[in-house]
Amino acid sequence: MLKKLFSLSISGHRTVGLDILRTVAILLVMISHSKMYLPQDIQNFLSFFLIDGVAVFFVLSGFLIGRIMIKVFTEETSFKQIFNFWARRWLRTLPNYYFILLILIGLEGLVNEKNITSDLFKYSFFFQNLYYPIGNFFPESWSLTVEEWFYLICPLLFFFIHFFLVKNKKKTFLISIILIILFANIVRIYYYFDLGAKNYFIYDRYFVRQVITRIDAIIYGVFSAWIYVYYPNVFNKYRNRNFIIGCIAILLIHNIESQYQPFQYLLSFTLASIAIMITLPFLNSIKNIKIKSLQNIIIHLSLISYSMYLINLSLVNFWIVPLFKIKTDIINFFLFWGITIVISTILYKRLELPFLTYRDKILK
């Protein structure tokens, strides 16, 4: 019975290398949210490798969505295609999000007796961190807000550039990519000189977790998709070497960025995204791995990663784990991981997958 409840049907048509990247990203996020349960020496060791998992998600998402956008809008560029694109994205992301959001708002209102009216509006329409700091409620939702605004803005930008400036679709996509990169970098430069004193709060809430400062992270994935579609030989050239260079660069950027303030605030986001981007060709070439049991675990975690992202911090860490009132940190560490994986698997099977099936049925 339990095996049937938690087992997932895995399609044979998967790029396992991208599943590996998505799994690594969610594991990085999970470790960053649970490392406080571990001894300090282990935390210090993990910190060397604990790169920004959300940045990995952004670039990977851009690569996957970029290939879809290029394919869809090359076939037909119309508002009908844009609405179809939005509908597919929203039926993928919104049901789980609103379900968890309602649970968290209910807990805040009923248990903590907080007035949650303003939170309900802001978080329902993804205004919680558009161009101002996100609050302490559901703080991890900042990255989904970046994704949702990207889904909204990028197709519209492409559409208007195509119809009013450039008819060549390859050039239109490239211009859109360049404009979004320039926009985010200009905002970060403006913030850097306008905000004055720099501290962790300023860096975290103004630079790391705002839509207008991070929307370019996704576009680097789209740029990789653009190269993949229009210049496949360039995309695949030196992919093994570039993977090694990318991994080394990611670690170097992670470990030196805080030592040089202008680098951390102005350059690290761009360089980290590019470093992640150049690992994609090698990972995209991995269709399967020899150890099938390991491959199944990776795919399982990849499939439930969105649910894991939504529940692991605010719901599991802040609400569920404290209910057990266990004072032993290592037990809380395993509770956090076990509960997150179990609930995420159920959410994927009972909520996310049915909506995906419904989506594919109504949107051909």
Does SER305 satisfy being assigned by TED's automatic domain parsing to the domain that holds LEU27 and either of a type outside the set (Asp, Glu) or in contact with a strand residue (DSSP E or B) (Cβ under 6 Å, 6 or more places away or on another chain) (or both)? yes
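Residue-wise test of (1) in contact with a Phe, Trp or Tyr (Cβ under 7 Å, 6 or more places away or on another chain); (2) at pLDDT 95 or above; (3) surrounded by 22 or more Cβ atoms within 10 Å (Cβ to Cβ).
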| position | (1), (2), (3) |
| --- | --- |
| LEU28 | no, yes, no |
| SER32 | no, yes, no |
| ALA55 | no, yes, yes |
| SER78 | no, no, no |
| PHE83 | no, no, no |
| TYR98 | no, yes, no |
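Let's see how each residue does on (1) over 30 Å from THR74 (Cα atoms); (2) of a type in the set (Phe, Trp, Tyr):
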{"residue": "TYR190", "(1), (2)": "yes, yes"}
{"residue": "ASP194", "(1), (2)": "yes, no"}
{"residue": "ALA197", "(1), (2)": "yes, no"}
{"residue": "ILE202", "(1), (2)": "yes, no"}
{"residue": "TYR206", "(1), (2)": "yes, yes"}
{"residue": "VAL211", "(1), (2)": "no, no"}
{"residue": "ARG214", "(1), (2)": "no, no"}
{"residue": "GLY221", "(1), (2)": "no, no"}
{"residue": "SER224", "(1), (2)": "no, no"}
Of all residues in region 164-178 being in contact with a helix residue (DSSP H, G or I) (Cβ under 7 Å, 6 or more places away or on another chain) and part of a helix (DSSP H, G or I), the one that is modelled with the lowest pLDDT: LYS169
Given the conditions (1) modelled with pLDDT under 90; (2) buried (at least 19 other Cβ atoms within 10 Å of the Cβ), every one holds for ASP19 apart from (1)
Can you pull out every residue in region 20-60 that is of a type in the set (Ser, Thr, Tyr) and out of contact with any helix residue (DSSP H, G or I) (no Cβ under 6 Å at 6 or more places or on another chain)? SER32, SER47
Note down all Cβ pairs under 8 Å where the first residue falls in region 228-248 and is within 25 Å of LYS71 (Cβ to Cβ) and assigned by TED's automatic domain parsing to the domain that holds PHE63, the second is of a type in the set (Ser, Thr, Tyr) and part of a helix (DSSP H, G or I), and they're at least six residues apart or on different chains. PHE235/SER224; PHE235/TYR228
Identify, by number, the condition in (1) more than 19 Å from PHE318 (Cβ to Cβ); (2) touching a residue at least 60 places away in the same chain (Cβ under 8 Å); (3) of a type outside the set (Gly, Ala, Ser) that LEU94 doesn't meet. (2)
Look at LEU182 and say whether it is within 30 Å of SER258 (Cα to Cα) and either assigned to a helix (DSSP H, G or I) or out of contact with any strand residue (DSSP E or B) (no Cβ under 7 Å at 6 or more places or on another chain) (or both). yes
Could you please let me know if ASN185 is surrounded by fewer than 18 Cβ atoms within 10 Å (Cβ to Cβ), farther than 26 Å from LYS122 by Cα and of a type in the set (S, T, N, Q)? no
Looking only at region 125-163, count how many residues are more than 19 Å from the chain's Cα centre (by Cα) and either outside the structural domain of PHE83 (by TED's automatic domain parsing) or assigned to a helix (DSSP H, G or I) (or both). 8
Per the filter on region 335-363, residues closer than 22 Å to GLN43 by Cβ and surrounded by 14 or more Cβ atoms within 10 Å (Cβ to Cβ) are LEU335, PHE336, TRP337, ILE339, THR340, ILE341
Hey, among LEU335, LEU315, LEU310, which residue is under 26 Å from PHE355 (Cα atoms), more than 16 Å from the chain's Cα centre (by Cα), not assigned by TED's automatic domain parsing to the domain that holds LEU64 and not in a loop (DSSP other than H, G, I, E, B)? LEU315
Got a number for residues in region 143-165 being among the aliphatic types (A, V, I, L, M), farther than 20 Å from TYR131 by Cβ and surrounded by 16 or more Cβ atoms within 10 Å (Cβ to Cβ)? 1
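The values are calculated or read from the model by the stated rules, or taken from the named source; none is laboratory data. Since the structure is predicted, the reported quantities are computational estimates derived from the model, not experimental observations. Every residue, glycine as well, gets a Cβ built from its backbone with ideal geometry; the counts of neighbours run over all protein chains shown.
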